[in-house]
Amino acid sequence: MATAAVVEERDRAFVLQEVEVGPLRADEVLIDVRASGICHTDLGAQAGGFPTPLPCVLGHEGAGVIAAVGTAVIGLAIGDRVAMSFASCGTCPHCLSGRPAYCAEFLPRNFLARRGDGSTALSRGGTPLSSQFFGQSSFATQAVCHQRSVVRIDADIPFEVLAPFGCGVQTGAGAVLGVLRPGPSDALAVLGAGAVGMSAIMAARLTGCGTIIAIDLNPARLALALELGATHSIDARSHDPVAEVRAITGGGADFSLECTGVPAVLRQAVDMLGSDATCGVIGAPPFGTDVGLDVNELIALGRRVRGIVEGESVPQLFIPQLVELWRQGRFPVDRLVKTFPFEQINDAVADMTNGSVIKPVVLID
């Protein structure tokens, strides 16, 4: 048995309930969850914006200790400290070429909260309960994960700091370090100074990016962004971000990164680019959302709009690298985190929604 935060219907609060944990498959591990970050993707599923079947146990930024391993698991053992990340099949061309974020089965294995065969690890009163959300459903005292979703961490990093690395942190940092790769002569505009945007800003500082512009509606977040590496900040409540970025850069940014999931902001992210420039798209609105762009400007200025999933990372390689940067004091993710007891998960969601907390993490005992 485990205790899990269950969402019964769209827009309903999380309710802690007892659930049954099914037997491990040969390639799975059982993890005693110690902490789980709350991500906007969790809230999107809670609100019904994604095709995630409800009722469901959400959560996809989990960290904890391995309690049991399947008979075919390699490289993981009981007692290992681990982070959990997204699910992938391991056999499609993208997985085999080291690009699991573009797995051919990414949608069903992550958003549909099912194993590859459609089964689930958790049940309630004998009835299957949607779980395996992003390979883990970490809003629970125990999580069942495929070994491909598990990253062993040897560093002595607190679980509440480690947890967000599984999605938000690696998404923002990976988009900069592995995809956009700005340099000293480049200008990067980050739209949305939440956990993903802040991770992108910290990563951009590591690359030596010459101009790093943070754009948000929250003055406190903009102030923190400047401390974490931004060279400029724009308060979008009182200034036009497109005009401000063009003025700062002398014509337009080389790169922009849209982290809000708001269509109008995506349009701004594209419009503030210069020539031969790239907009990376990370923020995820409800499925089916459209955005209008000026096609002739895309053509004439050679602009690119680039979707980026999970920082295009291989979690087992990238997350330990980020943890090492944290250990060296060069990637202070802990400055984004506020912890809450598991039973206060709805308070954590409320504080995230009203903008008073950047990265809420629930502590699970």
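Worth pointing out:
- Residues of the range 195-217 satisfying the condition of being surrounded by fewer than 24 Cβ atoms within 10 Å (Cβ to Cβ) and within 19 Å of Gln268 (Cβ to Cβ): Thr211, Leu217
- Filter result (modelled with pLDDT of 95 or more and over 22 Å from Asp80 (Cβ atoms)) within the range 11-39: Arg12, Ala13, Phe14, Val15, Leu16, Gln17, Glu18, Val19, Glu20, Ile38, Cys39
- Within the range 293-317, the residues that satisfy the criterion of being within 30 Å of Met272 (Cα to Cα) and in a helix (DSSP H, G or I) are Val295, Asn296, Glu297, Leu298, Ile299, Ala300, Leu301, Glu310, Gly311, Glu312.
- Residue in the range 63-71 that is exposed (fewer than 15 other Cβ atoms within 10 Å of the Cβ), at pLDDT 95 or above and more than 24 Å from Ile157 (Cβ to Cβ) present: yes
- Residue count for the range 3-20, restricted to those that are buried (at least 20 other Cβ atoms within 10 Å of the Cβ) and more than 21 Å from the chain's Cα centre (by Cα): 1.
- Answer residue from the range 107-133, given it is within 17 Å of Ile31 (Cα to Cα) and among the polar types (S, T, N, Q) and is farthest from the chain's Cα centre (by Cα) among those: Ser123
- Residue match in the range 28-37 (condition: over 13 Å from Ser130 (Cβ atoms), touching a Cys at 6+ places or on another chain (Cβ under 6 Å) and assigned to a loop (DSSP other than H, G, I, E, B)): no
- Scan of the range 104-155 for residues that are among the aliphatic types (A, V, I, L, M) and over 13 Å from Val82 (Cα atoms), ordered by number: Ala104, Leu107, Leu112, Ala113, Ala121, Leu122, Leu129, Ala140
- One residue stands out in the range 285-311 among those that are surrounded by fewer than 19 Cβ atoms within 10 Å (Cβ to Cβ) and touching a Gly at 6+ places or on another chain (Cβ under 7 Å): the one that is modelled with the highest pLDDT, namely Arg306.
- Counting only strands (runs of 3 or more DSSP E) that fall entirely inside the range 89-155 and contain at least 2 residues that are in contact (Cβ under 8 Å) with a residue 60 or more places away in the chain, the qualifying elements are 122-124, 142-146, 150-152.
- Selection of the range 236-251 for residues being surrounded by 15 or more Cβ atoms within 10 Å (Cβ to Cβ) and without any contact (Cβ under 8 Å) to a residue 60 or more places away in the chain yields Ala236, Pro241, Val242, Glu244, Val245, Arg246.
The values are calculated or read from the model by the stated rules, or taken from the named source; none is laboratory data. Just so it is clear, the model here is predicted, and its values are computed rather than measured. Cβ sites come from the backbone with ideal geometry, for glycine too, and all protein chains shown count toward neighbours.
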